[in-house]
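Laboratory data are not the source of any read-out in this text; all were calculated from the coordinates shown. Remember, it's a predicted structure, so these values are computed and weren't measured experimentally. Here the Cβ positions follow ideal geometry from the backbone for every residue, glycine too, while neighbour counts run over all protein chains shown.
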Amino acid sequence: MKNVLFLIFLLVVFFTKNSFALIEIDITRGNLNPLPVAVSPLYVESKSSEALKELEVGSEIAKIIETNLLRSGLFNPLEKDSFVQKPDIAHLKPRFEDWKLIKAQALITGKVNITNDKLRIEFRLWDILAAKEIMALAFTTVPDNWRRVAHIITDKIYKRLTGEEGYFDTRIIYVAEKGPKNQRIKKLAIMDQDGANTKYLTLGNELVLTPRFNPTNQMVTYMSYFRNLPRVYLLDIETGVQEVVGEFPGMTFAPRFSPDGKKIIMSFAKDGNSDIFTMNLETRVVEKITEHPAIDTSPSYSPDGKYICFNSDRSGYQQIYVMRSDGSNVKRITFGQGIYGTPVWSPRGDLIAFTKMYKSRFYIGVMRADGSGERLLTENYYQEAPSWSPNGRVLIFYRETKSGSQGEGFSATLWSIDLTGYNERLIETLTDASDPSWSSLLSN
Amino acid sequence: MNKSIFLSVIFHIIIISLTAISFPYMIKKPIDLPPIISIELIQISDITNIPYAPKAKKILEKIKKKEKERIVSEQAPPKMVKKEKPDAIPLPKDVKKKKKIKTKKQNPKKIESEIKQVSEFEKKELFDPDQIAALIDKSKVETAETMRKSDKLTQSQDKNFIASGLTLSEEDALKAQIFGCWSIPLGLPYNENLLVRIKLKLKTDGTVIKSEILDHVRMNTPGQGFYKVLAESALRAIRLCQPLRVPTTGYDRWKNLQLNFDANEMLKG
């Protein structure tokens, strides 16, 4: 027994000595510079068809990945001229020292081939400093689908290097506008998030506004005119079938889906008063959520479906309010100067994006769900309608320019900005565009 | 009775001696302290007014006198005299310029030796350490004083020094280096524990022999995928920074280092 105690004593003494020697240093800061990555063109295998080679699918995919990464603001794709290794050899085993020389921290390589009319695209992501492969995947699809594969690859890389879901394999629905300002033709249009593959969903006979995706991206709800009255519509993208939502004896507008996709929440206006209603799409049961003589509109659910944010002028000015999804416990959350509108709850649940008008300038901003920590991200002559990327990091909105009395010089464009407020980018569209809405990830 | 007292004494002696032997403070070797460079903060006017310092003024006057004598003895053309700036402090550069001009204008062979003599003489005059010291003598005395003071200070801070292992400036240099190398992944969740502890074994030149993530289990825990991303970013930072800016002395102190990468502060703001 004594021996054991003695041993324990000795152990304690020596252990103390060892731990004493280790120096600890806290690293609490880092840089937020974009990560330098090298995207080597994907090489096309020689046995593939000539058509594939002509299309230069390999370098096109690399280009899309590069553009996606660059636009995210978190990556800095390096110039191809500085690349030191051929794509096919780099894909087998990169010479890490050489890539290190050009200051790349990550390298993307890949190859493309066609077998039995199926396009096979594989890629590898290499950690240059650790000198190892950190991800490798292959996708097989129909040849026309190569653009989408490029977006999916970007999502995988983005998630592996940043720790959050990507937002590249997504689509944007918006209102395409044409013609003079007082006679605008407005059509519903859908495109990939990078502006490619634009398709029109309506003919432009009726005015359309505020389109929104449902969680599965199959349905769209929007506002259009039915018998000269603004009404909420539902459109199935696959089949093209449209229907008016509910039989309301007045105008309905500002629709949005609930997070489970089973309900549509919208405003219904009658006799100068507007309140918020929901309609269950399965049972068609309509429920009144707010009851107040003021104008309540622009409702948006929290991602868990438990709360709703909306704007109301019940305090005299238009401000943002939050309530439970049954309409109880209404709380005002904005108290700043100016007018607040179009609140949208982030898919992450932590923030609410909004438009603010103050001294005849328009701001897009974010704040926490309790109204604290307001941050204005961008300011302009006229801009509104923010919509979140599925990962809750980027907002898309539209901006209009000042026009002359005859409408000359007028334009409407789509823009994106990330939460830092520094990465603002124009999204190119075929025509003027407004009211964008971001879909969720298509590949999920 | 006697026996038990005897045993008690013996056991006490054993325990005390064991504690004395194994207690870290007692066996710690005196650490070779790097020389402390003290930096004195002086006002800019102190530097710009150097020529007017009392001692410097005398020296300048001496130099001016000698220059006048020299110019006379060499029978330099009046143009040259004009070019010389008597008010300026004669720096070695000026002397060299003169030398060049003279060689051009006068017979090179004959005057070469003369010039040599002159320049050597000037060099002596200008590079005399006493005189240079005189120019800055005041600050030198002050520096010495502060050095003594700071010496005392650092000795009194010895306790801190032993506890942290690295001096504040050594630690700051290392931190600053790693801050620059660490690209924090921006997509990390805000409400999670974002601390990665990495243990390093270093070579004398600061290159990393071995790096080990201490909470390795979290790397593959479901729902903690972000931790892997964070840990990898920390490892990248270390690799990018290699060799680490470690002190030149006292390898034993820092051959094992633990870096705690904490992204909470940056991401939560």
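Could you check the spin-label model distance between A:Asn3 and B:Glu192? Points 7 Å from the Cα along Cα→Cβ, value in nm.
Going from the A:Asn3 label point to the B:Glu192 one covers 5.0 nm.
State the dimensionless ratio Rg/Rh of chain A (Rg: radius of gyration of Cα atoms; Rh: Kirkwood radius).
Checking Rg against Rh, the ratio lands at 1.08.
Within the set A:Lys86/B:Lys228; A:Lys199/A:Lys263; A:Lys63/A:Lys86; A:Lys263/A:Lys306, which residue pairs have Cα atoms separated by over 20 Å? Walk me through the intermediate numbers first.
Values: A:Lys86/B:Lys228 30 Å; A:Lys199/A:Lys263 26 Å; A:Lys63/A:Lys86 16 Å; A:Lys263/A:Lys306 13 Å.
Beyond 20 Å between Cα atoms: A:Lys86/B:Lys228; A:Lys199/A:Lys263.
Over all distinct Cα pairs, what is the inverse of the mean 1/r for the stretch A:303-444, reported as the Kirkwood hydrodynamic radius in Å? Kindly include the intermediate steps, with their values, before the conclusion.
Working: mean 1/r = 0.0630 Å⁻¹.
The answer is 15.9 Å.
Kindly write out, for the stretch A:176-187 in residue order, the coupling ³J(HN,Hα) from the Karplus curve 6.51 cos²θ - 1.76 cosθ + 1.60 (θ = phi - 60°), rounded to whole Hz, with x marking Gly and Pro.
With the stated coefficients, the stretch A:176-187 comes to 7, 10, 8, x, x, 4, 7, 9, 5, 9, 10, 10 Hz.
Counting only residues 5 or more places away or on other chains, whose amide H sits under 5 Å from the amide H of A:Leu377 once H atoms are built in the peptide plane?
Hits under the 5 Å cutoff: A:Ile364, A:Gly365, A:Val366.
Report the dimensions of the stretch B:165-268 along its three principal axes from the alpha-carbon atoms, largest first, rounded to Å.
Result for the stretch B:165-268: principal-axis Cα extents of 43, 25, 22 Å.
Pull up all non-local amide H partners of B:Trp182: gap of 5 or more, or a different chain, and H-to-H distance under 5 Å with H placed in the peptide plane.
HN-HN under 5 Å from B:Trp182: A:Asn31.
Work out the FRET efficiency for A:Lys306 and A:Ala131 from their Cβ-Cβ distance, taking R0 = 51 Å, and round it to the nearest 0.05. Mind dumping the intermediate values first?
Numbers: r = 48 Å, r/R0 = 0.93.
Efficiency for this residue pair is about 0.60.
What are the ³J(HN,Hα) couplings of the stretch A:29-42, residue after residue, when phi is run through the Karplus curve with 6.51, -1.76, 1.60 and θ = phi - 60°? Round to Hz, x for glycine and proline.
10, x, 9, 10, 5, x, 6, x, 10, 10, 10, 6, x, 6
Indicate the gyration tensor shape class of the stretch A:244-333 (rounded, prolate or oblate), computed on the Cα atoms with a ≥ b ≥ c the square roots of the eigenvalues: a/c under 1.5 is rounded; otherwise a/b larger than b/c is prolate and the rest oblate.
On the way: a/c = 2.09, a/b = 1.17, b/c = 1.79.
Since a/c reaches 1.5 but b/c is at least a/b, the shape of the stretch A:244-333 is classed as oblate.
With a cap of 15 neighbouring Cβ atoms within 10 Å, and only residues DSSP puts in a loop, list the GluC sites (Glu not before Pro) found in the stretch A:50-159. Show your work: numbers first, answer last.
Values: sites: A:Glu50, A:Glu54, A:Glu56, A:Glu60, A:Glu66, A:Glu79, A:Glu97, A:Glu122, A:Glu133; in loops: A:Glu56, A:Glu79.
Filter output for the stretch A:50-159: A:Glu56, A:Glu79.
Whole angstrom only: what separates the Cα centroid of the stretch A:149-177 from the Cα centroid of the stretch A:230-281?
One Cα centre to the other: 29 Å.
Please list, in chain and number order, the residues 5+ apart from A:Ile27 or on another chain whose amide H is under 5 Å from its amide H, with Hs placed from the backbone.
Amide H neighbours of A:Ile27: B:Asn260, B:Phe261, B:Asp262.
What is the average number of partner chain Cβ atoms found within 10 Å of a Cβ in B:184-194? Working shown, then result.
Working: counts 6, 8, 13, 13, 3, 4, 2, 1, 0, 0, 1.
What the average comes to for B:184-194 is 5.
Evaluate the distance, in nm, between pseudo-label points positioned 7 Å from the Cα of A:Asp370 and of B:Ser17 along their respective Cα→Cβ axes.
Using points 7 Å along Cα→Cβ, the separation is 6.5 nm.
Write down, largest first, the equivalent ellipsoid semi-axes of the stretch A:35-162 in whole Å, where each equals the square root of 5 times an eigenvalue of the alpha-carbon gyration tensor.
So the equivalent ellipsoid measures 23, 16, 13 Å along its semi-axes.
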